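Read through the structure below, which is laid out as structure tokens, and then see the notes.
The values are calculated or read from the model by the stated rules, or taken from the named source; none is laboratory data. Remember, predicted model here, so these are calculated numbers, not experimental data. Heads up, the Cβs are rebuilt from the backbone with ideal geometry, glycines too, and the neighbour counts pull from every protein chain shown. Heavy atoms of the whole protein, side chains included, go into the accessibility calculation; ligands, DNA and RNA do not. Shrake-Rupley method; radii C 1.70, N 1.55, O 1.52, S 1.80 Å.
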Amino acid sequence: MSAVMAKMMSISPGMPSPSPSLTPPSPSSISAPVRTIPGGYGWPVLGPISDRLDYFWFQGPETFFRKRIEKHKSTVFRTNLPPTFPFFYGVNPNVVALLDCKSFAHMFNMEIVEKKNVLVGDFMPSVSYTGDLRVCAYLDTSESLHSKVKNFALDILKRSSTIWVPTLSSTLDTMWSSIESSLAKSGSASYLVPIQQFIFSFFTRTLIGADTAASPEIASSGYAMLDIWLALQLLPTVKIGILQPLEELFLHSYAYPFFLVSGGYNKLVKFIEEHGKEVIQRGETEFGLTKHETIHNLLFILGFNAYGGFSIFLPTLLSQLGTDTTGIQQKLREEVRAKSGSTLSFDSVKEMELVKSFVYETLRLNPPVPLQYARARKDFVLSSHDSAYEIKKGELLCGYQTLVMRDSKVFDDPEKFIFDRFTKEKGSELLSYLYWSNGPQTGSPSESNKQCAAKDYVTLTACLFVAHLYRRYDSITCNSSGAITAVEKAK
Ligand code: HEM
């Protein structure tokens, strides 16, 4: 594996030379000069506050990282990342930022990094949001509970694959019918809420084995209960873009207590307990989890991983299609019609090279989970394309995918949306550098790594979403404020 990494190290500017695996090299194989990590943390209190204001207010995340790459002339540097002062006492904002494909890939090597409690950085939302438990995403691979829950998640996906496509088609038909009736009434239809209702209903059925129709309250408001539960956990770490300094004073200065959303969360727990009996039982008997661990992990996988991830990803995908003026829709439609046969299936979308590439390119330029963290398990030497750096045990590494996925040493014309970028031989080699799932698209999620359990299901589901759309419509048109303004039915 280090030979492959050595190939990666040989990438020269402007000459992408993708390789199929990304395990970082052992220190002895590193040839680049070791340099001191540039940047710093500034004065206590003042340094973190100044970086926080830049990150959330004066610059925003993308400019924050871009400016520091320019200043330090390096894609690896030290900086602070919020949350910080005044009411985040135990939280250490110091990180080493990794902003190119090669340095970022070190975070996939579980021999040199650990992922305990670092899902969103050194800050961790209170465990009261997750049944007083540390759920799967906060567990390191060295913890036996991680293996149990990860294998449980992989098993749920495998078992539900038989109902996946028909469930997707029927929930999507419901969504499009509701969008069409709003369009007919008012000439435009906002798509965020219909998409979220679809995602909630689809994943409740496929992951929990429950029909939301069993509870009118969950059917109508379950998705909104998840929205607010997610928002309160993540607010201290996310730029919202409302009027400053209000955002800094009220949204980024302290963590919100769980009791504000406990009502909705407890209703969702009760719903899963009552209507997901079969899945819960499997968690207990086949994976050795307690009932409490099973339910709260299921709810986290449903609400945070699946619902949270797709609520960011699908609106972006739809907007990318509906606002395109370069003819992408026509090309995708032709491919879908030529390859989908009489009914859609996983196998039929696997044949759709352009649709798959479009999905990958959307994930490359808009990674739904832009920040990833990992802590050094031991001292090691980390390499970027042109330098090597000494990392000390315990240091927190932070990769910002939005820039990593625009690494010009890997992707030609990296800022441009090239919808067929991932086709042909060169395109399929580039999949080793597509990291949205916290691992390369060529990797396999398992109990020994922290790659998204649904790495393949996410991309295939997005392909099915596109294919379903072009079997139903010839084209759709979206505006820039998240609404569909026209659909042309399939002729
Ligand atoms: C667009 C949708 C999704 C995106 C963008 C996404 C992204 C991610 C990312 C980035 C991670 C790693 C987080 C980290 O450790 O830094 C992750 C982990 C995980 N994801 Fe997904 N995910 C999505 C959908 C799903 C779905 C549908 C499932 C359903 C099973 C799922 C299950 C998981 C699990 C169980 C983990 C934890 C893995 C571990 O701890 O080893 N994800 N996901």
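Against the definition (within 25 Å of Glu353 (Cα to Cα), without any contact (Cβ under 8 Å) to a residue 40 or more places away in the chain and surrounded by fewer than 20 Cβ atoms within 10 Å (Cβ to Cβ)), how does Lys416 come out, yes or no? In short, yes. Of all the listed residues (Gly399, Gly394), the sole one being without any contact (Cβ under 8 Å) to a residue 60 or more places away in the chain and either outside any strand (DSSP E or B) or under 15 Å from Leu98 (Cα atoms) (or both) is Gly394. Filtering region 123-154 to residues that are open to solvent by 30 Å² or more (accessible area, probe 1.4 Å) and charged (D, E, K, R) leaves Asp132, Arg134, Glu143, Lys148.
Counting only residues that are over 25 Å from Leu168 (Cα atoms), polar (S, T, N, Q) and either surrounded by 19 or more Cβ atoms within 10 Å (Cβ to Cβ) or within 16 Å of the ligand (Cβ to nearest atom) (or both), region 419-437 holds 1 of them.
Matching residues to (1) out of contact with any Phe, Trp or Tyr (no Cβ under 8 Å at 6 or more places or on another chain); (2) crowded, with 18+ Cβ neighbours inside 10 Å:
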| position | (1), (2) |
| --- | --- |
| Tyr373 | yes, yes |
| Arg377 | yes, yes |
| Ser384 | yes, yes |
| Lys392 | yes, no |
| Leu396 | no, yes |
| Tyr400 | no, yes |
| Leu403 | no, yes |
| Ser408 | yes, no |
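Residue pairs whose Cβ atoms lie under 7 Å apart, sitting 6 or more positions apart in sequence or on different chains, and linking a residue in region 140-156 that is in a helix (DSSP H, G or I) to a partner that is open to solvent by 40 Å² or more (accessible area, probe 1.4 Å) and within 9 Å of the ligand (Cβ to nearest atom), are His146/Glu447; Ser147/Glu447; Lys150/Glu447; Asn151/Glu447. Given the criterion outside any strand (DSSP E or B), more than 16 Å from the ligand (Cβ to nearest atom), modelled with pLDDT under 95 and closer than 28 Å to Gly322 by Cα, identify the matching residue among Ser481, Ser408. Selected residue: Ser481, the only one of Ser481, Ser408 that is outside any strand (DSSP E or B), more than 16 Å from the ligand (Cβ to nearest atom), modelled with pLDDT under 95 and closer than 28 Å to Gly322 by Cα.
Looking at Glu62, Glu70, Glu111, just one residue is surrounded by fewer than 21 Cβ atoms within 10 Å (Cβ to Cβ), within 16 Å of the ligand (Cβ to nearest atom) and of a type in the set (D, E, K, R), and that residue is Glu111.
Given the criteria away from the ligand (no atom under 13 Å from the Cβ), open to solvent by 40 Å² or more (accessible area, probe 1.4 Å) and at negative phi, does Ser201 qualify? No.
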